[in-house]
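As structure tokens, the structure follows; a few thoughts come after it.
The values are calculated or read from the model by the stated rules, or taken from the named source; none is laboratory data. Keep in mind it's a predicted model, so treat the numbers as computed, not measured. Here Cβ is always computed from backbone atoms with ideal geometry, including for glycine, and neighbour counts include all displayed protein chains.
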Amino acid sequence: MTSAHDVQIRVRVTQGSEVAIGPGKIDLLAAIDRAGSISGAARSMGMSYRRAWLLVETMNQCFERPLVETATGGKSGGGATLTAEGAAVLNAFSVMMKEVDEVARRHIAQLLAQTPLVG
């Protein structure tokens with residue numbers, strides 16, 4: 001019998017045809033918050049800078065106010081920071097996922113008790 005932790009629930013919030021926020025973008029927001037830059041976040045995640053930049057661009061376009069603010073390089077260095085909205089989205093999504101995981105574990109255990117997965 002497969003245990004409930006072998007099943008993953010992935011929540012995504014869409015805006016039209018775009019994924020405004022989901023697990024990967026949340027991970028990127030957290031990495032930007034830690035690294036202080038999109039390039040540093042991308043490196044820490046094993047992702048290309050271009051891919052990270054495109055994900056940030058999508059998030060910023062999907063929300064009424066940007067989640068990430070960038071500063072161009074130069075003498076003081078540049079970088080990226082989460083806006084107040086970005087920090088709020090990061091926190092709210094993380095809290096939501098803890099609750100979703102708790103509910104999903106209960107329901108999945110109930111489901112698998114009725115009819116286990118093969119293998």
Which numbered condition trips up R105, out of (1) surrounded by 12 or more Cβ atoms within 10 Å (Cβ to Cβ); (2) closer than 20 Å to T14 by Cβ; (3) not hydroxyl-bearing (S, T, Y)?
(2)
Name the one entry in I21, I38 that is at pLDDT 95 or above, surrounded by 11 or more Cβ atoms within 10 Å (Cβ to Cβ) and in contact with a Lys or Arg (Cβ under 8 Å, 6 or more places away or on another chain).
I21
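Residues that are basic (K, R) and more than 16 Å from the chain's Cα centre (by Cα): does the stretch 33-40 have at least one? Quick ask: steps written out before the conclusion?
Restricting attention to the stretch 33-40, the residues satisfying the condition of being basic (K, R) are 34.
With the extra rule that they be more than 16 Å from the chain's Cα centre (by Cα), the set shrinks to none.
No: zero hits.
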Enumeration of residues in the stretch 75-90 that are acidic (D, E) and modelled with pLDDT under 95
none
Filter the stretch 62-102 for residues that are within 21 Å of T14 (Cα to Cα) and among the hydroxyl-bearing types (S, T, Y); which is farthest from the chain's Cα centre (by Cα)?
T83
